[in-house]
Amino acid sequence: MDVVCTAGHVDHGKSTLVRALTGMEPDRFAEERERGLTIDLGFAWATLGEGDRARTVAFVDLPGHERFIGNMLAGAGAVRLALLVVAADEGIMPQTHEHLDILELLGVTSAVVALTKTDLVDTDTRAVAEALVRDELLRRRLPDAALVGVSGTTGAGLEALVAALIDALDVQPPEPDLERPRLWIDRVFTVTGAGTVVTGTLAGGRVAVGDELVVHPAGHRVRVRGLQSLKAPVTAAPPGTRLAVNLSGVDKAAVTRGDALVRAGQWRTVTAFDALVDVLPDHELDRRGAWQVHAGSAQRSARVHPVEARPLSGGGFVRVELGQPLTITAGDRFVLREAGRRATVAGGMVLDADPPPRPRGAARLARVAALDRRG
């Protein structure tokens, strides 16, 4: 199975495109379908291509509106390939830029671009839109991303888009099996007669029916009662799988989006970490401000302390102190947003989770040197 997330500005046709590719309705709530606006994460899947080229692809449909960027981040955190959607009649828009910023900060370096609504524009307008998208991709880390014109309404270009997606997936390395599974939980619900069910994209290792696991950060010990992948029951699942896990030993009310399902003894929750961050142009990262950390499907309030004790632009080392525990480790990527302005400011990689107390004065500069040697 391959997992692909959509990204792009509101009303550029992400959900329409996913419907056309899969024949499924990604918008789960009646309000979303009535308003034509994706509010929360949507999910759909299909077998794309034929013969030796056939691949089962699960789409995580991300909200495009700026008010739901937190939900968008919850779905993007575990995905390595993005389907960027840009409408030919509007071109690059504010959330196109922000979604691209977020994908870069999360380390997503592979994408396919769908230029949608091509049935609504003439040839010249389409050519201008394509040129502007190409210019934007050249400024990013995606200069080789395939760009395909499509219409989710008429179906024009869908075969070419499927081929481009399969080409991009063919060169993706397999999800590594580190024998250390972690599933960031993005949905929690109950099923009559079965109990608590959580969903997410599995990474790091396999899980199987009967496994004894832990829900972090609360530490609830649970047993895997059943597994489903794309609504089909399975007895075990490898990393890289979209998965629904039926848990015994915990009530729905005790689990929430942003919790992590892990194997006991392999993970710990932390309340602080040191990191190397990239700060977006025209932004500064300072200890002042109401900060939010987004990692996996989790969102946590945070205090941010640049190691050199001055506002950070461009990039550098920071200490992040969390308002609530988080199951994060060295090598994980995250995004920092300023809650007051609802702006994405920075993101990067965890260097040291649960580090020693924050150093001061000369000790702080010594720690900068130590982090620099590690990086």
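The values are calculated or read from the model by the stated rules, or taken from the named source; none is laboratory data. Here the structure is a predicted model, which is why all the values come from computation and not from measurement. Here the Cβ is made from the backbone with ideal geometry for all residues, glycine too, and neighbour counts use every protein chain on show. The area values use the complete protein model at the heavy-atom level, side chains included, leaving out ligands, DNA and RNA. Shrake-Rupley method; radii C 1.70, N 1.55, O 1.52, S 1.80 Å.
Points worth noting:
- For Lys14, the lysines whose Cα comes closer than 21 Å to its Cα, not counting residues fewer than 8 places off in the same chain, are Lys117.
- Among Gly315, Gly340, Gly296, residue whose mean-square fluctuation peaks in a GNM of the chain (springs only between Cα atoms under 10 Å): Gly340
- Protection proxy ranking, highest mean first, for peptides 197-203, 236-242: 197-203, 236-242, where packing is the per-residue count of other beta-carbon atoms within 10 Å, averaged.
- Average accessible surface area per residue within the chain, 1.4 Å rolling probe, Å²: 44
- Inverse of mean 1/r across different Cα pairs in the chain, Kirkwood, Å: 21.5
- Evaluated at q = 0.13, 0.14, 0.26, 0.31 Å⁻¹, a Debye calculation over the C-alpha positions of region 195-246 (equal weights, vacuum) places log10 I(q)/I(0) at -0.27, -0.31, -1.09, -1.42.
- Taking every Cα-Cα distance in region 129-251 and sorting them into 5 Å bins starting at zero, the pair-distance distribution P(r) comes out as 2, 9, 15, 16, 12, 10, 10, 10, 9, 5, 1 percent.
- In the elastic network of the chain, a GNM with C-alpha springs shorter than 10 Å, the most mobile of Asp278, Asp119, Asp186 is Asp119.
- Helical contribution to [θ] at 222 nm, DSSP H n ≥ 4, -39,500 (n - 2.57), averaged over the chain, rounded to 500: -6500 deg cm²/dmol
- Computed accessible area, Asp177, all protein chains, 1.4 angstrom probe, square angstrom: 80
- Computed in the context of the full set of protein chains, the accessible area of the chain at 1.4 Å probe radius has 48% of its extent on carbon or sulfur.
- Packing-based ranking, highest mean first, of 345-352, 245-252 given that Cβ atoms within 10 Å are counted: 345-352, 245-252
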